[in-house]
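S.K.: Can you read through this structure? Questions will come right after.
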Amino acid sequence: MPSNNQFQPALTHQIKWSVGENKYNEDGKNPKQLTLTIPVDSIIDLSNHLMALRDDPSKVKDGKIWNYDKNEEEVVDVVFINAKGKEGQYGDFGNINPQKIDTEVPF
């Protein structure tokens, strides 16, 4: 495992995210759209990273999500993936490639 100050990415290729105008916003309720551009060769890496987050009690937190059936916020266990971003000509954008989590399996 690398030292604490050496970044080891969790994904083979980073995910690009962008926020722009929602071209399918017919009712006017959702004017923005988030797009994740996920390289095919990073899909298994992303799945493994999410499972590692789920299995690490220090990474699981209480978080609010929207429950559409009840039409209200609900508190559930969540994990967070944060990404830095910028403003651009066509909207906000950035990349996601989190620090790899050590998932050593004990024998």
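What follows draws every value from the coordinates through simple rules; no lab data is involved. Please read these numbers as outputs of a predicted model, since none were measured by experiment. When we count neighbours, we look across all protein chains shown, and the Cβ atoms used for this are built from the backbone with ideal geometry, even at glycine.
S.K.: With charges set only on the Cβ (+1 for Lys and Arg, -1 for Asp and Glu), what does the dipole of the chain come to about its Cα centre, in debye to the nearest 20?
M.R.: 340 debye
S.K.: By what distance, in whole Å, do the Cα atoms of the chain stretch along each of the three principal axes, largest value first?
M.R.: 55, 37, 25
S.K.: Ignoring everything except DSSP H segments at least 4 long, calculate the 222 nm mean residue ellipticity for the chain; use -39,500 (n - 2.57) per segment, divide by total residues, nearest 500.
M.R.: That comes out to -4000 deg cm²/dmol.
S.K.: Give me the number: length gained by fully extending Q6 to K61, i.e. 0.36 nm times residue separation minus the C-alpha to C-alpha distance, one decimal in nm. The partial results should precede the final answer.
M.R.: Numbers: separation 55, 0.36 × 55 = 19.80 nm, distance 2.54 nm.
Additional length available on full extension: 17.3 nm.
S.K.: Under a cut-off of 18 Å between alpha-carbon atoms, report the lysines in cross-link reach of K100, not counting same-chain residues fewer than 8 places apart.
M.R.: K16, K59, K84
S.K.: Follow-up question, since we're still on this one. So, by mean Cβ neighbours within 10 angstrom, what's the order for 40-47, 11-18, 28-35 with the highest one leading? Each step should come with its number before you reach the end.
M.R.: On the way: 40-47: 13.8, 11-18: 17.0, 28-35: 9.9.
In descending order of packing, they fall as 11-18, 40-47, 28-35.
S.K.: Any idea what log10 I(q)/I(0) is at q = 0.12 Å⁻¹ for region 47-107, Debye with uniform C-alpha scatterers and no solvent?
M.R.: Values returned for q = 0.12 Å⁻¹ are -0.49.
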